[in-house]
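Note sheet for the following structure.
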Amino acid sequence: MKKIAIQGLASFAFLLSAISVSASPLLISSEPNLTSVKCTNSTLKGTYIYRETGVKNGVPYAQVGREVYDGIGRVVTDFQGSDGKSGRLIATYEVSADCVKKAVYSDGKSFTAYISPDGSKWSYVMSNVPGDEPSALSGWEMKVSD
């Protein structure tokens, strides 16, 4: 019985590898054509809402807020955190032609975001969160008005 189970498992593994090899051309895509994507600071102009979650100073953390982008490199953020803190921050940002945004806030936070070419939404991860304990925050933003 044990020998039959092992043979069955071996046959299944062989079948799975054969399918994987024959399907692999379908799974491998060519490089995306980023030459047609042309983002600039003006890609981000208007009001956006966001939500981020993660760990801040070693404690689970969440934050929601609203950001207003001026389209030339400045953003104003109003936020409320799960730690009870709220406030307003000002940042500068720069958007590269391939739709990657780098921002630095007045409180020392910095992050990288990957923007949709129309500027309607993006995802981000904080790479520098102030504090002495481990921190990792990420989230999504979406445009709600021009």
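For the reader, a short list of remarks on this structure follows.
- Spin-label pair residue 102-residue 138: with each label point 7 Å from Cα along the Cα-Cβ axis, the two points sit 2.1 nm from one another.
- Residue separation of residue 145 and residue 51 scaled by 0.36 nm, minus their Cα-Cα distance, works out to 32.2 nm of gained length.
- Filter on 38/109; 56/143; 45/85; 56/121; 45/101 - keep pairs with C-alpha separation over 22 Å: 38/109; 56/143; 45/85; 56/121
- With contacts taken as Cα pairs under 8 Å and at least 6 residues apart, the range 56-146 reaches a relative contact order of 21 percent.
- Note that the range 82-96 has calculated 3J(HN,Hα) couplings of 5, 8, x, 7, 9, x, 10, 10, 10, 9, 10, 9, 9, 10, 7 Hz, one per residue in order, obtained from phi through the Karplus relation 6.51 cos²θ - 1.76 cosθ + 1.60 (θ = phi - 60°); glycine and proline are x.
- On full extension, the segment bounded by residue 68 and residue 90 gains 6.9 nm, given 0.36 nm per residue less the C-alpha separation.
- Projecting label points 7 angstrom from Cα along Cα→Cβ for residue 80 and residue 118 puts them 3.0 nm apart.
- Cα centroids of the range 87-146 and the range 34-76: 4 Å apart.
Readers should treat all values here as calculations from the given coordinates under stated rules, not as data from a laboratory. Computed from a prediction, not measured in an experiment: that's the story for all the values here. Cβ sites come from the backbone with ideal geometry, for glycine too, and all protein chains shown count toward neighbours.
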